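Asks: Sharing a structure with you now.
Please treat every number below as a calculation from the coordinates, not as lab data. Just so you know, these numbers come straight off a predicted model, no measurement behind them. No Cβ is skipped: glycine too gets one built from the backbone with ideal geometry, and neighbour counts run over all protein chains shown.
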Amino acid sequence: MPKQSKPLARHGWRADGLRSCDTRVRTWRRSRATKIGTILAFSDSFRDSRPTASFAPLGTGRSQLKGRRQQMFSSLTDARQQLVEVLTDPEALESPLTTVEIEQILSHLAPQLWIAPGDGLPERETGTRFGGAPALPPDVDWPIRPVPADLAARAQDLVGNQSWILRHIERALPYEFLAQIELAEAGPVAAELGLPASGRLLFFWDGVGGLTSSEPEFARVLWDETPRDELAQAAIPPVLEELERAYDLTGKYKKPYIYPSRPMRLQPILHLPFCGAREMLDDPLLSMRAEDFDFHCCYHQLLRGEDGMTGREDAGQRRHRLMGTPEPEQDDPRFGVEPNGPADWQLLLQLDLGDLAQNSLVEGTVYFLIAREHLAARDFSSVRAVYSQT
């Protein structure tokens, strides 16, 4: 495949790696025990009936983060305290949030699984992990992305800098393998989130055609319940290595077709929706706040665990999520997915491609979405994968 004149148009490339706002936002480091105590006294009457026993602390306290915020919440109390500390401070926001608004945000607190680095875990064929090759039953082959039935119509749009995408989808090719999720490792949380309690989910994606299309043929999710001892690691199709080498013959740019293999672990957390998420935009009390730039910056920095203008070195690895609500790069990926509307679609998996590829030049997020009725029926055949980049 010849080198394209504008590789930036083919795939996302991150110049600085930062995800923080580009204007002044104050940091919040001084003690606010009096203020927090006053607000929490009001909030003590708020009782959340949702079980949280399954959601263990992250094991990464504030002292270990050297004063930097977590971005992930271990309990309702933890989330409330962090929101109060940041969003009721008149030095951070010209119009601080009221206790009613704080509690309304907290009403959206929901469980989620963070796919965390498997530090200390051995390299393995089975279990939760990213990249490499999947562990498949003996009678299952590496899935192939078919040639789209509407190829002729697509050819009218895939011209110029996108002609390389057309040349790619003209061939039936193996999907890229992204992730393997061992559901039993999530314990009872998997069932609480609506996932199968056993087996594993294998996530495949066409990382070329999927840059511009989210139709089901550009993604494949397999739910496999084969016992672990009957699985075998599949051989990586040689054509994926050929495509990776041919992406840029100079070797200057790299489009991953094979992602680094590494073990991961499933960490139960609680999370809040970002401003661009449907849950915030559909909330009558919060939708106006979500449009406010100062609130947007402060709130997002809190959720991302950033201090002021400083981005996190581990920002990408903290964005790998299973279930819950998405962190939109631009619009909520559930908007515009047909048929039906965004309320009918559930985030199944969110992956930060830069961290997945272990390449700071790769940018973008891929969101695997499933219709709620299909998830309930354990039907993963029509999952959509939406790609987005800033």
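Asks: Using label points projected 7 Å from each Cα along Cα→Cβ, tell me how many nm separate residue 381 and residue 172, to one decimal.
Replies: Rounded to a tenth, the inter-label distance reads 1.7 nm.
Asks: Quick one: if you stick a label point 7 Å off each Cα along the C-beta vector at residue 184 and residue 361, how many nm between them?
Replies: That separation, rounded to one decimal, is 4.2 nm.
Asks: Would you mind getting me the FRET efficiency between residue 291 and residue 110? Use the beta-carbon distance for r and R0 = 25 Å, nearest 0.05. Intermediate values should be presented prior to the final figure.
Replies: Numbers: r = 22 Å, r/R0 = 0.89.
It comes to 0.65.
Asks: Roughly what percent of Cα-Cα pairs across the stretch 196-289 reach past 20 Å? Numbers along the way, then the final one.
Replies: Values: 2821 of 4371 pairs.
I get 65 percent for the Cα pairs in the stretch 196-289 exceeding 20 Å.
Asks: Please arrange 245, 278 by counting, for each residue, the other beta carbons lying within 10 Å of its beta carbon, fewest first. Write down the numbers at each step before the final one.
Replies: On the way: 245 13, 278 20.
Lowest count first: 245, 278.
Asks: Sticking with this structure for a sec: Calculate the FRET efficiency for residue 99 and residue 217 from the Cβ-Cβ distance with a Förster distance of 41 Å, rounded to the nearest 0.05. Working shown, then result.
Replies: Values: r = 49 Å, r/R0 = 1.20.
E(calc), rounded to 0.05, equals 0.25.
Asks: Search the structure for amide H atoms under 5 Å from the amide H of residue 265, placed 1.01 Å from N in the peptide plane, and list their residues when 5 or more places away or on another chain.
Replies: Answer set, sorted by chain and number: 116, 118.
Asks: Still on this structure: In the neighborhood of residue 320, defined by Cβ-to-Cβ distances under 12 Å, what is the net charge if each Lys or Arg adds +1 and each Asp or Glu adds -1? Could you put the intermediate results ahead of the total?
Replies: Details: positive: 129, 262, 265, 318, 319, 321; negative: 314, 327, 352, 355.
Neighbourhood net charge equals +2.
Asks: Now a separate question. Placing +1 at every Lys and Arg Cβ and -1 at every Asp and Glu Cβ, with all other atoms neutral, what dipole size does the stretch 186-227 have around its Cα centre, in debye to the nearest 20? Can you show the working numbers first?
Replies: On the way: 2 positive and 6 negative charges, 21 e Å.
About 100 debye.
Asks: Mind checking the full-extension length gain between residue 161 and residue 344? Use 0.36 nm per residue of separation minus the Cα-Cα distance, one decimal, nm.
Replies: Values: separation 183, 0.36 × 183 = 65.88 nm, distance 3.42 nm.
Length difference between fully extended and current span is 62.5 nm.
Asks: Now a separate question. Determine the sum of side-chain charges near residue 140: Lys and Arg each +1, Asp and Glu each -1, restricted to other residues whose C-beta is under 14 angstrom from that of residue 140. The partial results should precede the final answer.
Replies: Details: positive: 200, 220; negative: 139, 141, 224, 225, 230.
Local net charge: -3.
Asks: Would you mind calculating the gained length between residue 121 and residue 77 on full extension (0.36 nm times residue separation, minus the Cα-Cα distance), in nm to one decimal?
Replies: Details: separation 44, 0.36 × 44 = 15.84 nm, distance 3.12 nm.
Length gained between residue 121 and residue 77: 12.7 nm.
Asks: While we're on this one: Counting other Cβ atoms within 10 Å, keep those with at most 15, restrict to DSSP loop, and tell me which GluC sites (Glu not before Pro) in the stretch 262-366 are left. Numbers along the way, then the final one.
Replies: Values: sites: 279, 291, 306, 313, 329, 363; in loops: 306, 313, 329.
Filter output for the stretch 262-366: 313.
Asks: Here is a follow-up. Step by step: find N for the stretch 69-167, compute 2.2 N^0.38 Å, then divide the Cα radius of gyration by it. What's the final number?
Replies: Against the empirical 2.2 N^0.38 Å value, I get 1.91 for the stretch 69-167.
Asks: Got the relative contact order for the stretch 235-327 handy, in percent, Cα pairs under 8 Å and 6 or more residues apart? It would help to have the intermediate numbers written out before the result.
Replies: Values: 52 pairs, mean separation 20.1, N = 93.
Once normalised by length, the contact order is 22 percent.
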